[in-house]
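I have placed the structure first, in the form of structure tokens, so that the comments after it can refer back to it.
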Amino acid sequence: MTERAPRRSRLRRSALSAAAAVTLAAAFLAPAASAAPATPAVPAALATSAAPSAVAAAPDIPVANVKAHLAQLQSIATANGGNRAHGRTGYKASIDYVKGKLDAAGYTTTLQTFSYNGSTGYNLIADWPGGDTSHVVMAGAHLDSVTGGPGINDNGSGSAGILETALAVSRAGLQPTKHVRFGWWGAEEYGMVGSKNYVNSLAATERSKIETYLNFDMIGSPNPGYFTYRYDSALDALFRDYFAGLGISTEQDFEGDGRSDHAPFQNAGIRVGGLFSGADYTKTSAQAAKWGGTAGQPFDRCYHASCDTSANINDTALDRMSDAIAYAVWTLAAGSTTPPTGTVFENTADVQIPDYGAAVTSDIAVTGRTGNAPAALQVGVDIKHTWRGDLVIDLVAPNGTSFRLKAASGSDSGANVQTTYTVNASAVPANGTWKLKVQDTGPQDTGYIDSCKLTF
């Protein structure tokens, strides 16, 4: 995952601102001994009527196979100066290793090159034959490390997890309804350079065919958390319900917001989801009580360090996360993930956001509801802004309860916030005036709330 960037200088900020499914789980094989044997249910929003038998069940991903890929990446780093960083021989050897496995498994692979910092970078794209190519389900992970270490958790873990899932697709002879694609990105540690290059290289018609992008950056942290991307309510529900079937409660990922390869896809209007096990944020007592591990310590004490080796992996987290990847790919490749319909309340009036100023609100009047709001209240947000990393966004309920939708992120230099959040608002009354509250916490930006809506 990309390092959090320091605060930009005023000159730099000005320059940048100006530029601005069927019930597939019924036959789901239980994960290995590290996970509970419960069968996760497919969310109602993901269910479809029928699917080919070839996609009737997602496989258990053997964690030993995932760890074997990590051992290979460790060996590559050891033989190449201790890292697998962009522009270094260790990165090219890593790409060659992954490509060799996929070519042998029957994938159509494409090695995309780009230039950054005077060095050639590489993305690897792998397409599984078949499925409707106008509806692409894509999973990706960055393959590069920092120069200071081998990057086995960050992000050998995500890369190995999607590689073994891709090989499982081949072993199963999967015949999905939708087209399945995988991507391994270069130069992520320099600011998602490879994934940006890939997205920007696609014609608009090709971008529009990518229905879903799932990102997996750090899934084996030694003091792990279980975090989901909550940009899209249906994709979030897919992962939350999977882990709920294992007796694991997830939390929303804030640490990686805008700092990994989902961001370029999201910026292009592609819906994104993903998983994350934590980096250098500190695990709280409540999180340790929920997930185990050590409170008061980072999720990954070796984040971006030389000790991010094969020993820096929690096998249980790696196993569960890898199985969840396969579950998502099998589910999404077979059916639809159209969010459920519901009653919509919307405010389309523009509200200007003061530059580095006080918070403003866009009010939504909700009437005619009975009782409390739902446990999965969908909050659609459309904010036009030249530097969204400075924005803090909250939803304030009629009784004053506040739900944090987005925190400020010093490393997120993208424009606009156009996404749907999901909040558990079941403890507050539905009727009354809800407020989308937005504050710009940094100077030299312009923007406004275009619209917001609540779907009950």
For the stretch 427-441, which positions are aliphatic (A, V, I, L, M) and more than 25 Å from Asp355 (Cβ to Cβ)? Ala427, Val428, Ala430
Can you run down the residue pairs with Cβ atoms below 8 Å, 6 or more apart or on separate chains, where the first is in the stretch 190-207 and among the basic types (Lys, Arg) and the partner is surrounded by 14 or more Cβ atoms within 10 Å (Cβ to Cβ)? Lys196/Pro264; Arg207/Val199; Arg207/Ala268; Arg207/Ile270
Looking at the stretch 60-93, which of its residues are open to solvent by less than 30 Å² (accessible area, probe 1.4 Å), under 22 Å from the mean Cα position of the chain (by Cα) and either farther than 26 Å from Thr113 by Cβ or of a type in the set (Phe, Trp, Tyr) (or both)? Ile61, Val66
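Can you tell me which residue is most open to solvent (accessible area, probe 1.4 Å) among those in the stretch 394-427 that are among the aliphatic types (A, V, I, L, M) and touching a Leu at 6+ places or on another chain (Cβ under 7 Å)?
Of everything passing the filter in the stretch 394-427, Ala408 is most open to solvent (accessible area, probe 1.4 Å).
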Among (1) at pLDDT below 95; (2) touching a Pro at 6+ places or on another chain (Cβ under 6 Å); (3) small (Gly, Ala, Ser), which single condition is Ala168 missing? (1)
Tell me whether the stretch 264-273 contains one or more residues that are of a type in the set (S, T, N, Q), part of a loop (DSSP other than H, G, I, E, B) and out of contact with any helix residue (DSSP H, G or I) (no Cβ under 8 Å at 6 or more places or on another chain). no
Which condition number in (1) out of contact with any strand residue (DSSP E or B) (no Cβ under 8 Å at 6 or more places or on another chain); (2) under 21 Å from Ile219 (Cβ atoms); (3) among the charged types (D, E, K, R) is the one that Lys196 fails? (2)
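Could you list, in sequence order, all residues of the stretch 428-446 that are open to solvent by 10 Å² or more (accessible area, probe 1.4 Å) and more than 20 Å from Asp363 (Cα to Cα)? Before you say what the answer is, go through the steps one by one.
Initially, the stretch 428-446 is screened for residues open to solvent by 10 Å² or more (accessible area, probe 1.4 Å), giving 429, 431-433, 435, 437, 439, 441, 443-444, 446.
Thr441, Pro443, Gln444, Thr446 - these are the residues of the stretch 428-446 that are open to solvent by 10 Å² or more (accessible area, probe 1.4 Å) and more than 20 Å from Asp363 (Cα to Cα).
For Glu206, state whether it is in a strand (DSSP E or B) and surrounded by fewer than 21 Cβ atoms within 10 Å (Cβ to Cβ). Steps first, please.
On the way: in a strand (DSSP E or B): no; surrounded by fewer than 21 Cβ atoms within 10 Å (Cβ to Cβ): yes.
Considered against the rule, which asks whether it is in a strand (DSSP E or B) and surrounded by fewer than 21 Cβ atoms within 10 Å (Cβ to Cβ), Glu206 comes out as no.
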Looking only at the stretch 341-393, count every residue that is of a type in the set (Asp, Glu), in contact with a Phe, Trp or Tyr (Cβ under 9 Å, 6 or more places away or on another chain) and surrounded by fewer than 19 Cβ atoms within 10 Å (Cβ to Cβ) and tell me the total. 2
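Table: residues versus (1) touching a His at 6+ places or on another chain (Cβ under 6 Å); (2) surrounded by 24 or more Cβ atoms within 10 Å (Cβ to Cβ); (3) more than 21 Å from Thr420 (Cβ to Cβ); (4) not aromatic (Phe, Trp, Tyr).
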residue	(1), (2), (3), (4)
Leu214	no, yes, no, yes
Met218	no, yes, yes, yes
Asn267	no, no, no, yes
Tyr281	no, no, yes, no
Ala286	no, no, yes, yes
Gly292	no, no, yes, yes
Tell me, please, whether a residue that is open to solvent by 20 Å² or more (accessible area, probe 1.4 Å) and farther than 18 Å from Met218 by Cβ can be found in the stretch 296-314. yes
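Here is a yes/no grid of residues against (1) touching a strand residue (DSSP E or B) at 6+ places or on another chain (Cβ under 6 Å); (2) crowded, with 23+ Cβ neighbours inside 10 Å; (3) assigned to a loop (DSSP other than H, G, I, E, B):
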residue	(1), (2), (3)
Gly121	yes, yes, no
Asp154	no, yes, no
Leu167	no, no, no
Ser170	no, no, no
Val180	yes, yes, no
Trp184	yes, yes, no
Members of the stretch 62-93 that are within 22 Å of Ser195 (Cβ to Cβ) and charged (D, E, K, R): Arg84, Arg88, Lys92
From Asn197, Asn223, residue being at pLDDT 95 or above, open to solvent by 10 Å² or more (accessible area, probe 1.4 Å), part of a helix (DSSP H, G or I) and at negative phi: Asn197
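Give the stretch 94-114 a look and list any residue that's open to solvent by 10 Å² or more (accessible area, probe 1.4 Å), assigned to a helix (DSSP H, G or I) and either of a type in the set (Ser, Thr, Tyr) or touching a strand residue (DSSP E or B) at 6+ places or on another chain (Cβ under 7 Å) (or both), or say none. Give the derivation first.
Quick first cut of the stretch 94-114, residues open to solvent by 10 Å² or more (accessible area, probe 1.4 Å) only: 96-97, 99-101, 103-114.
Narrowing the set further to residues that are assigned to a helix (DSSP H, G or I) leaves 96-97, 99-101, 103-104.
Across the stretch 94-114, the qualifying residues are Tyr97, Lys99, Asp103.
The values are calculated or read from the model by the stated rules, or taken from the named source; none is laboratory data. If you're wondering where the values come from, they're calculated on a predicted model, not measured in any experiment. All Cβ positions, even for glycine, are placed from backbone atoms using ideal geometry, and neighbour counts span all protein chains on display. When the accessible area is computed, the model is the full protein with side chains, heavy atoms only, and any ligands, DNA or RNA have been set aside. Shrake-Rupley method; radii C 1.70, N 1.55, O 1.52, S 1.80 Å.
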